[in-house]
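The values are calculated or read from the model by the stated rules, or taken from the named source; none is laboratory data. Predicted model only: the values in this text are computed from it and were never measured. Positions of Cβ are backbone-derived with ideal geometry, glycine not excepted, and every protein chain shown enters the neighbour counts. Accessible surface is based on the protein model in full, side chains and every heavy atom, while ligands, DNA and RNA are left aside. Shrake-Rupley method; radii C 1.70, N 1.55, O 1.52, S 1.80 Å.
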Amino acid sequence: MLAVLLLAFLLGLVHVGIISPVLRWRDDLDRRIAAAETRLARYHGLIDEREHWRQRLAALRRAEGEVGLLLPGRTRALAAAALQNRVQTLAEASAVDLRSLQVMAESAPE
């Protein structure tokens, strides 16, 4: 009877000291692997979308060049002169007669 109790005690000790920590470690590894697989799937999705976003960026850059959203010129005076030329060109194309164009002096933004 004492041998059975001693055997049960030793088996419990082995379970608590060896088997249980190994099982917890394995469960932790399983959770970490699942999280890594989720991240990997998300990264693959981003890679698959990369070409779409490159094409979209190229289209936006082409559209910006076509529309001319920004005025050329390294300084404000050159940009103002480009704007003046653009207004003059648009006025001529629309058969509008502009008598005078001038650039106003810069004022501090409010």
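Miscellaneous remarks
- For segment 1-42, the gyration tensor built on C-alpha atoms gives a prolate shape. Its axis ratio a/c (a ≥ b ≥ c) is at least 1.5, and a/b is the larger of a/b and b/c.
- Reference-scaled alpha-carbon Rg (2.2 N^0.38 Å with N residues) for the chain: 2.81
- Rounded tilt (10° steps) of 20-67 against the dominant C-alpha axis of the chain: 10
- Exposure of Val4 as accessible area (Å², to 10), given a probe of 1.4 Å and all protein chains: 100
- Computed from point charges on the beta carbon alone (+1 for Lys and Arg, -1 for Asp and Glu), the dipole magnitude for the chain about its Cα centre is near 280 Debye.
- Simple spin-label estimate for Ser20 and Glu51 gives 5.4 nm between the two label positions (7 Å along the Cα-to-Cβ direction from each Cα).
- Net charge contributed by nearby residues that have their C-beta within less than 14 Å of Gln84 (K/R +1, D/E -1): +2
- Taking the C-alpha atoms only, the angle from helix 76-93 to the longest principal axis of the chain is near 60 degrees.
- Normalised by 2.2 N^0.38 Å, where N is the number of residues, the C-alpha radius of gyration of segment 15-67 stands at 2.29.
- When the solvent-accessible area of the chain is split by element, carbon and sulfur atoms take up 63 percent of it, the probe being 1.4 Å.
- Relative to the dominant Cα principal axis of the chain, helix 2-14 is inclined by about 10°.
- Mean ellipticity per residue at 222 nm, deg cm²/dmol - from DSSP H runs of n ≥ 4 across the chain, formula -39500 (n - 2.57): -25500 deg cm²/dmol
- Based on protein heavy atoms only, the chain ends up with 94 Å² per residue of surface accessible to a 1.4 Å probe.
- Choice from Ala79, Ala58, Ala95 with maximal GNM fluctuation in the chain (Cα, 10 Å cutoff): Ala95
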